[in-house]
Amino acid sequence: MALTEGLAKARRTQHSALVHNPEDRSFFGHPRGLGYIAFTEAWERFSYYGMQSLLVLYMVKQLLLTSHIEHVAGFVPFRHFLESLYRGPLAVQPLASAIFGLYTGLVYLTPILGGLLADRVLGRTRTIVIGALLMAAGQFLVAFDVTFLVALTCLLIGV
C-alpha cells in the first residue's frame, strides 16, 4: 500500500511540475518549445505549397527538356524506375506528373519515419534541427539542374 501511495505522490508531483511551470509557459500560455515548432512548421508549409505550385511547370518548361535533362545527376535510373512503375515510356508531361505525385505522396509518408527516428534514436530537438537544415539545403539545391533529385531527397527527408 505504501508503494502505491508513493507512486501516486510521485506522479502528482511530476504532473504538477509539468503543468505549473511558469518558466515554460511563455508562448501564449503554452510551452515555449511550441512556438519554435509552430514557426518551423509554418515555413515548411510555405516552402511545400510554394514549390507545389511551381514544380510541374518548372519540370515541363525547363528541367525535362532535352537540353537540360542530361545534366540532372542520377536521372536516367530514376526515369527507368518511374517508367517501370507505369509500364512504358513517359513523355515530358506524364513524367513531370509522376515525379510530382511521388514527391507529394512521400511528403506525407516520411514524417512518420522521422517521428519514429526522433522518438527512438535522435530526440526531438536534434531531429527538428536536422530536418530544418535538410530542407534549407533542398531549397538551395533545387535551383541547380544537376542537383534536382538530391534537392527533392533533402526536402523529403527534412519534412
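Is it true that Arg12 is in a helix (DSSP H, G or I) and either farther than 19 Å from Leu133 by Cβ or modelled with pLDDT under 60 (or both)? Let's see the steps before the verdict.
On the way: in a helix (DSSP H, G or I): yes; either farther than 19 Å from Leu133 by Cβ or modelled with pLDDT under 60 (or both): yes.
Yes: the conditions hold for Arg12.
With respect to Glu41, is the statement that it is of a type in the set (Asp, Glu) and modelled with pLDDT under 80 true?
Numbers: of a type in the set (Asp, Glu): yes; modelled with pLDDT under 80: no.
No.
Select, from Ile99, Ile112, the only residue that is buried (at least 17 other Cβ atoms within 10 Å of the Cβ) and either of a type in the set (Val, Ile, Thr) or within 19 Å of Phe46 (Cα to Cα) (or both). Walk me through it before giving the result.
Working: Ile112 fails: buried (at least 17 other Cβ atoms within 10 Å of the Cβ).
From the options Ile99, Ile112, the qualifying one is Ile99.
Among the numbered criteria (1) of a type in the set (Ser, Thr, Tyr); (2) under 12 Å from the mean Cα position of the chain (by Cα); (3) under 24 Å from Gly35 (Cβ atoms), which single criterion is violated by Thr125?
All conditions are met except number (2).
Could you say whether any residue in segment 64-84 is farther than 18 Å from Asp145 by Cα, of a type in the set (Ser, Thr, Tyr) and either out of contact with any Gly (no Cβ under 7 Å at 6 or more places or on another chain) or modelled with pLDDT of 90 or more (or both)?
So far as segment 64-84 goes, yes, one or more of its residues are farther than 18 Å from Asp145 by Cα, of a type in the set (Ser, Thr, Tyr) and either out of contact with any Gly (no Cβ under 7 Å at 6 or more places or on another chain) or modelled with pLDDT of 90 or more (or both).
May I ask you to list pairs of residues, at least six apart or on different chains, whose Cβ atoms are under 7 Å apart, with the first in segment 106-124 being free of Cβ contacts under 8 Å to residues at least 24 places away in the same chain and the second being of a type outside the set (A, V, I, L, M, F, W, C) and part of a helix (DSSP H, G or I)?
Within 7 Å, the pairs are Leu117/Thr127; Ala118/Arg124; Ala118/Thr127.
Those residues that are touching a Leu at 6+ places or on another chain (Cβ under 8 Å), under 19 Å from Trp43 (Cβ atoms) and not polar (S, T, N, Q), I need them from segment 137-159; list them, please.
As a first pass, look at segment 137-159 and keep what is touching a Leu at 6+ places or on another chain (Cβ under 8 Å): 138-139, 142, 145, 147-148, 150-151, 154-158.
Next cut, under 19 Å from Trp43 (Cβ atoms) only: 138-139, 142, 151, 154-158.
Residues satisfying the conditions are Gly138, Val142, Ala151, Cys154, Leu155, Leu156, Ile157, Gly158.
Give the residues of segment 111-142 that are of a type in the set (Gly, Ala, Ser) and in a helix (DSSP H, G or I), sorted by residue number.
The initial filter retains those residues of segment 111-142 that are of a type in the set (Gly, Ala, Ser), namely 114-115, 118, 123, 131-132, 136-138.
If the condition is that a residue be of a type in the set (Gly, Ala, Ser) and in a helix (DSSP H, G or I), then Gly114, Gly115, Ala118, Gly131, Ala132, Ala136, Ala137, Gly138 are the ones that fit.
The values are calculated or read from the model by the stated rules, or taken from the named source; none is laboratory data. These numbers were taken from a predicted model, which means no experiment stands behind them. Positions of Cβ are backbone-derived with ideal geometry, glycine not excepted, and every protein chain shown enters the neighbour counts.
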